[in-house]
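The values are calculated or read from the model by the stated rules, or taken from the named source; none is laboratory data. Since the structure is predicted, the reported quantities are computational estimates derived from the model, not experimental observations. Because the Cβ atoms are built from the backbone with ideal geometry, glycine has one as well, and the counts that use them run over all protein chains shown. Surface accessibility is based on the protein's heavy atoms, side chains included, excluding ligands, DNA and RNA. Shrake-Rupley method; radii C 1.70, N 1.55, O 1.52, S 1.80 Å.
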Amino acid sequence: MSIISNCTATAIVDAAAALVKGDLVAFPTETVYGLGADANNKDAIARIYKVKGRPVGHPLIVHISSMAHLDKWARDIPEYAIKLARSFWPGPMTLILPRTGLAKDFITGGQDNVGIRIPSHSIALALIKEFEDQGGLGVAAPSANRFGQVSPTNVRHVEIELSNYLTPKDIILDGGQSLVGVESTIIDCTQSAPTILRPGRVTPTMVNDLLDTAISIKLKSKNSKIKAPGSFESHYAPKAKVYLSGSPNHGDGFLALNSYPTPEGSIRLANPQNNEEYARVLYQALHLADTMKLDKVFVIPPEGDDVAVAIYDRLLKSETKY
Ligand code: TXA
Ligand code: MG
């Protein structure tokens, strides 16, 4: 595998060509790094599952470069979904829509719907656009981490997680630190009203403000028919044990907004000033805990109805349960 830190136009052309050939390309997005493959190449998609160690049947998000490509993948798109797309794409939002024949079972996990996203990171967009120019139709990309682990927000995380599983022909593109830091908001648009399945930087308030009728946005409930993102017991979890209550002992990790003083003897993993910065540094802090081989991390989640909702969602899933 090669790591490309200078993403020139030529490097993008080469990376897109690698995707066309069926190789894997890990690339930066504004949320987290993705592990990309040609969404129409069954063998390349099978390699994503292998490299991630992900159970099959877990659907993948298809990334496209513009709305012009949307109806290749999705049909019967409701008006409210078009509104969401116009407002928040390119950006940290994934829409679940009824699929066309192009979205095969190996992408959707056999469901009749498909997850679509247009990311806003310039390298992601350039790569997807170039892939489309070379004849591709969409780039499937889960987060570039081993299954159940913390998503990568910089190239070093991708390297640590995946380098043992990639081949010499696979490529990792370096695009610096992901600025949002938590995965995209996933919105189910297959019903008459939208449902947020995974909270993210596009918040329920932002969605409600946009759609004129006051539409209720529910977080995923247990009895929904749609497969839940990150719904396994332990997800987004570092090797260190994560606690959302209690207080750290000497040598334990600590993470909170900078308005909270560091408990004596604990190791502060980050010092975010506000909720957006908290989201940006969250996974970095959890990765740091593992690099420092800490046993325990005590976290005070931020409060609010903004990206704090997404942070709390991920922390609950990474929390040690017993
Ligand atoms: O921010 C993101 O969304 C990142 C970047 C790389 O774009 N991608 C990402 O992919 O987080 P992944 O595979 O790690 O998480 C996507 C989640 C999965 O848990 C999957 O279950 C859910 O989205 N998902 C994908 N397609 C779906 C579908 N058709 N229906 C329901 N859930 C779906
Ligand atoms: Mg993931």
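Kindly check whether there is at least one residue in region 166-180 that is at pLDDT 95 or above, within 16 Å of ligand 2 (Cβ to nearest atom) and either of a type in the set (Ser, Thr, Tyr) or within 30 Å of Asp23 (Cβ to Cβ) (or both).
Within region 166-180, one or more residues are at pLDDT 95 or above, within 16 Å of ligand 2 (Cβ to nearest atom) and either of a type in the set (Ser, Thr, Tyr) or within 30 Å of Asp23 (Cβ to Cβ) (or both).
If you go through region 68-103, how many residues are open to solvent by 30 Å² or more (accessible area, probe 1.4 Å), free of Cβ contacts under 8 Å to residues at least 60 places away in the same chain and under 20 Å from the mean Cα position of the chain (by Cα)?
Total satisfying the criteria: 1.
Can you pull out every residue in region 285-308 that is part of a helix (DSSP H, G or I) and surrounded by fewer than 21 Cβ atoms within 10 Å (Cβ to Cβ)?
Residues satisfying the conditions are Leu288, Asp290, Thr291, Ala308.
Rundown of residues vs (1) touching a strand residue (DSSP E or B) at 6+ places or on another chain (Cβ under 9 Å); (2) open to solvent by less than 10 Å² (accessible area, probe 1.4 Å); (3) touching a residue at least 40 places away in the same chain (Cβ under 8 Å), yes/no style:
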site: Ile123; (1), (2), (3): yes, no, yes
site: Thr153; (1), (2), (3): no, yes, yes
site: Ser163; (1), (2), (3): yes, no, yes
site: Gly175; (1), (2), (3): yes, no, yes
site: Val180; (1), (2), (3): no, no, yes
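Restricting attention to region 53-64, report how many residues are at pLDDT 95 or above and surrounded by fewer than 22 Cβ atoms within 10 Å (Cβ to Cβ).
1
Which residue out of Gly136, Gly148 is more than 10 Å from ligand 1 (Cβ to nearest atom) and at pLDDT below 95?
Every option except Gly148 fails the conditions.
Scan region 46-104 residue by residue and report those that are more than 15 Å from ligand 1 (Cβ to nearest atom) and either among the hydroxyl-bearing types (Ser, Thr, Tyr) or touching a Lys or Arg at 6+ places or on another chain (Cβ under 9 Å) (or both).
Ser66, Met67, Tyr80, Ser87
Among the numbered criteria (1) farther than 18 Å from Val180 by Cα; (2) not in a strand (DSSP E or B), which one does Tyr236 miss?
Tyr236 satisfies every listed condition except (1).
For residues that are open to solvent by 20 Å² or more (accessible area, probe 1.4 Å) and in contact with a strand residue (DSSP E or B) (Cβ under 8 Å, 6 or more places away or on another chain), tally how many sit in region 138-151.
Residues that pass the stated criteria total 1.
Hey, does region 49-58 have a residue that's in contact with a Phe, Trp or Tyr (Cβ under 8 Å, 6 or more places away or on another chain) and of a type in the set (Ser, Thr, Tyr)?
No, region 49-58 contains no residue that is in contact with a Phe, Trp or Tyr (Cβ under 8 Å, 6 or more places away or on another chain) and of a type in the set (Ser, Thr, Tyr).
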